[in-house]
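Visitor: Pasting a structure here, questions to come.
The values are calculated or read from the model by the stated rules, or taken from the named source; none is laboratory data. All of these numbers come straight from a predicted model, not from anything done at the bench. Backbone-built Cβ (ideal geometry, glycine too); neighbour counts: all protein chains shown. Just so you know, the surface numbers come from the protein's heavy atoms only, side chains and all, with ligands and any DNA or RNA stripped out. Shrake-Rupley method; radii C 1.70, N 1.55, O 1.52, S 1.80 Å.
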Amino acid sequence: MSTPEQLYEGKAKILYRTEDPEILLAHFKDDATAFNAQKRGEIAGKGDINCAITAHLFRQLEAAGIPTHFIEQVGATEMRVQALKILPLEVVVRNIAAGSLCQQTGLKLGTPLSQPLVEFYYKNDALGDPLLTRDRLFLLELATPDQVEQLTHLALQINQLLSQFFGQCGITLVDFKLEFGLDREQRLRLADEISPDTCRLWNQTESDPDLRVMDKDRFRRDLGNVEVAYQQVLERVLAQAMQ
Ligand code: UDP
């Protein structure tokens, strides 16, 4: 077989073309970045772990009626996905205050939100992925009003499914980031990944604010045992099926 042609290399994944223009191969890397790639490193085994967690979650979200780009996992770090036109948006859902929400609003880390908060960020490294208002989102024509409504609805549905699922794993889903794309029929589908790189996950059996962290904050904040935490998330996720 000839070497696949690389279409795109991101911080955590490489996308390759396949013989079918409708299908891409996503390879999950061990590379880790934070703070808009100012901090770089490697988390041993991360590619395998995040590929397996994403495959498991996407399969289950599909079964629950959420359209995704996922087709099948084809290797330890590879999955076949549907080619989409990715929207340059990061859709963040928050259940508990953490990260930039605390920094920008003064809310104390760990404050439960009375209802989930859905936010849109402009996926643009040069600008540092700024938080968008609805009007700015429309000004830049990043999505139509109808798409924003659909994205919000999908994000909240996914939050409900994932929060319940992680809860059964003994993990609190604090916040997470989603990316979406349009298929040939201009239908929105969930894309990218859902993993400890893109979610804040707190171990419910730990009350210590540093020990409970099971996600990329261990890398961002040099808390150590990053691989161990990611591996624990994988083990718990694989042991559960979404209800
Ligand atoms: N997130 C992500 N990619 C980004 C920015 C954020 O996956 O480029 C995730 C992050 O891991 C967290 C959530 O989105 O689960 C909210 O992140 P936040 O806005 O608090 O930014 P941070 O302070 O983590 O940079």
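Visitor: Looking only at the range 32-51, count every residue that is open to solvent by 20 Å² or more (accessible area, probe 1.4 Å), in contact with a helix residue (DSSP H, G or I) (Cβ under 8 Å, 6 or more places away or on another chain) and modelled with pLDDT of 95 or more and tell me the total.
Guide: 4
Visitor: Can you tell me how many residues in the range 222-243 are under 19 Å from the mean Cα position of the chain (by Cα) and modelled with pLDDT of 95 or more?
Guide: 12
Visitor: Would you say Asp175 is surrounded by 13 or more Cβ atoms within 10 Å (Cβ to Cβ) and under 30 Å from Gln38 (Cβ atoms)?
Guide: yes
Visitor: Does the range 201-208 contain any residue that is more than 11 Å from the ligand (Cβ to nearest atom), within 17 Å of the chain's Cα centre (by Cα) and open to solvent by less than 20 Å² (accessible area, probe 1.4 Å)?
Guide: The answer is no, given that none of the residues of the range 201-208 is more than 11 Å from the ligand (Cβ to nearest atom), within 17 Å of the chain's Cα centre (by Cα) and open to solvent by less than 20 Å² (accessible area, probe 1.4 Å).
Visitor: When the range 1-21 is examined, which residues are found to be more than 15 Å from Ile86 (Cα to Cα) and among the small types (Gly, Ala, Ser)?
Guide: Across the range 1-21, the qualifying residues are Ser2, Ala12.
Visitor: So if I check each of Val213, Val226, which one is within 13 Å of the ligand (Cβ to nearest atom), open to solvent by less than 70 Å² (accessible area, probe 1.4 Å), among the β-branched types (Val, Ile, Thr) and touching a strand residue (DSSP E or B) at 6+ places or on another chain (Cβ under 9 Å)?
Guide: Unique residue meeting the criteria: Val213.
Visitor: If Gln103 meets every condition in (1) crowded, with 16+ Cβ neighbours inside 10 Å; (2) within 16 Å of the ligand (Cβ to nearest atom) apart from one, which number is that one?
Guide: With (1) crowded, with 16+ Cβ neighbours inside 10 Å; (2) within 16 Å of the ligand (Cβ to nearest atom) applied to Gln103, the lone miss is (1).
Visitor: Looking at the range 101-114, is at least one residue part of a loop (DSSP other than H, G, I, E, B) and within 18 Å of Ala12 (Cα to Cα)?
Guide: So far as the range 101-114 goes, no, none of its residues is part of a loop (DSSP other than H, G, I, E, B) and within 18 Å of Ala12 (Cα to Cα).
Visitor: Tell me, yes or no, whether the range 168-178 has at least one residue that is of a type in the set (A, V, I, L, M) and either part of a helix (DSSP H, G or I) or in contact with a His (Cβ under 7 Å, 6 or more places away or on another chain) (or both).
Guide: No, the range 168-178 contains no residue that is of a type in the set (A, V, I, L, M) and either part of a helix (DSSP H, G or I) or in contact with a His (Cβ under 7 Å, 6 or more places away or on another chain) (or both).
Visitor: Go through the range 17-42 and count every residue that is in a strand (DSSP E or B) and under 23 Å from Asn225 (Cβ atoms).
Guide: 9
Visitor: List the residue pairs whose Cβ atoms are under 6 Å apart, where the first residue sits in the range 26-47 and is within 14 Å of the ligand (Cβ to nearest atom), the second is of a type in the set (Phe, Trp, Tyr), and the two are 6 or more positions apart or on different chains.
Guide: If the second residue must be of a type in the set (Phe, Trp, Tyr), the pairs left are Ala32/Phe219.
Visitor: Another question, if that's okay. Phe138 fails exactly one of the following numbered conditions: (1) in contact (Cβ under 8 Å) with a residue 12 or more places away in the chain; (2) in contact with a helix residue (DSSP H, G or I) (Cβ under 8 Å, 6 or more places away or on another chain); (3) more than 16 Å from the ligand (Cβ to nearest atom). What is the number of that condition?
Guide: (1)
Visitor: Among the numbered criteria (1) open to solvent by less than 20 Å² (accessible area, probe 1.4 Å); (2) assigned to a strand (DSSP E or B); (3) farther than 22 Å from Asn124 by Cα, which one does Ile71 miss?
Guide: Result: Ile71 passes all but (1).
Visitor: Consider the range 118-135. How many of its residues are under 16 Å from the mean Cα position of the chain (by Cα), within 18 Å of Val174 (Cβ to Cβ) and either exposed (fewer than 10 other Cβ atoms within 10 Å of the Cβ) or near the ligand (Cβ under 10 Å from one of its atoms) (or both)?
Guide: Qualifying residue count, the range 118-135: 2.
Visitor: Any chance you could count how many residues in the range 5-25 are more than 19 Å from Cys51 (Cβ to Cβ) and either open to solvent by less than 90 Å² (accessible area, probe 1.4 Å) or of a type in the set (Gly, Ala, Ser) (or both)?
Guide: Number of matching residues: 2.
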